[in-house]
Amino acid sequence: MKHIMPYALVITFGIILTAGCVTMVEKTPVNSSPGTTNATVNATPTPVSQLNGSLIVTVAGFSYPTNLSVLIDNQTIGSVNPSAPLYLMVPEGNHTIGVCADFICEEENVTIRFGKYITIDFSERLHKDVVILAPTARVIDCYKNGDVLSVDVEFINPSRQDHQMSAVVSCGYSYIDERTNIKMVDSSRGTIIKDVRAGQRVTESLTLNLVNSNSLSHSYPVIEELKVK
């Protein structure tokens, strides 16, 4: 009995060690390294195209207090005005950034990089190129022939749709009354209507009748009222 018991204990201890080694081998991943989990090993790297960079679009120095459309690669993504810049996260790469005031657009090509901030200010270019933001009309010339005053009116439609525009034009003048020989003051008015296509300028003439050929002088004609449909 004294010789059998130690031998049995040795055999039992050996079996326990063997089982322990097997268990440790099963828990250890074949391709793992110290400090690395299975989730990290099997993770797919983030594609470069999904990384974003910061872009700020501003028109802070633009004098027209209106919202302007902002486009990235010809797709509208928001609006900007002088008091509210537009903050964007844009995918890395080359992009065309645009700001549009109705029919007129300003564009700039930029390269977006992850972790970099880019600010684009379109104020100066808008001041240079955008003179008129809404459909309007103006008197560009006038000439008198006897008791008739011919007025050339220019209709301007900078928007993206066609409009019918009507303008009331007036002009003040003075003349000598034939009966009393006294200098009198009066005014003449007329209305001109024109269909103007998007982005077009059209000039149309209007005739204003003065009281008679004895008119002495006249003021420069003005647009009293403009209606846009």
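The values are calculated or read from the model by the stated rules, or taken from the named source; none is laboratory data. Note that the coordinates shown come from a computational prediction; the quantities given were computed from them, not determined experimentally. A quick note on method: Cβ atoms are made from the backbone with ideal geometry, for glycine too, and the neighbour counts reach across all protein chains shown.
A few points about this structure:
- Restricting attention to the stretch 122-138, the residues being touching a Phe, Trp or Tyr at 6+ places or on another chain (Cβ under 6 Å) and among the polar types (S, T, N, Q) number 1.
- Whichever residue in the stretch 86-107 is surrounded by fewer than 16 Cβ atoms within 10 Å (Cβ to Cβ) and under 19 Å from ASN67 (Cβ atoms) and, among such residues, is farthest from the chain's Cα centre (by Cα): TYR87
- The residues in the stretch 112-165 that are of a type in the set (Gly, Ala, Ser) and either assigned to a strand (DSSP E or B) or over 22 Å from the mean Cα position of the chain (by Cα) (or both) can be counted, and the count is 4.
- Top-ranked residue of the stretch 28-74 - restricted to ones that are among the polar types (S, T, N, Q), loosely packed, with under 12 Cβ neighbours inside 10 Å and closer than 17 Å to THR111 by Cα, ranked as modelled with the highest pLDDT: ASN74
- Unmet criterion (only one of (1) outside the structural domain of VAL57 (by TED's automatic domain parsing); (2) surrounded by fewer than 17 Cβ atoms within 10 Å (Cβ to Cβ)) for ASN157: (2)
- Residue ID - nearest to GLY78 (Cα to Cα), chosen from residues in the stretch 100-111 that are hydrophobic (A, V, I, L, M, F, W, C) and not in a loop (DSSP other than H, G, I, E, B): CYS100
- Residue satisfying all of: in the stretch 172-229; touching a Leu at 6+ places or on another chain (Cβ under 9 Å) and not in a strand (DSSP E or B); surrounded by the fewest Cβ atoms within 10 Å (Cβ to Cβ) among these: LEU210
- Complete set of residues in the stretch 171-221 that are aromatic (Phe, Trp, Tyr), over 51 Å from the mean Cα position of the chain (by Cα) and within 16 Å of VAL151 (Cβ to Cβ): none
- With respect to the conditions (1) in contact with a Lys or Arg (Cβ under 9 Å, 6 or more places away or on another chain); (2) farther than 28 Å from THR136 by Cβ, GLU106 lacks only one, and its number is (2).
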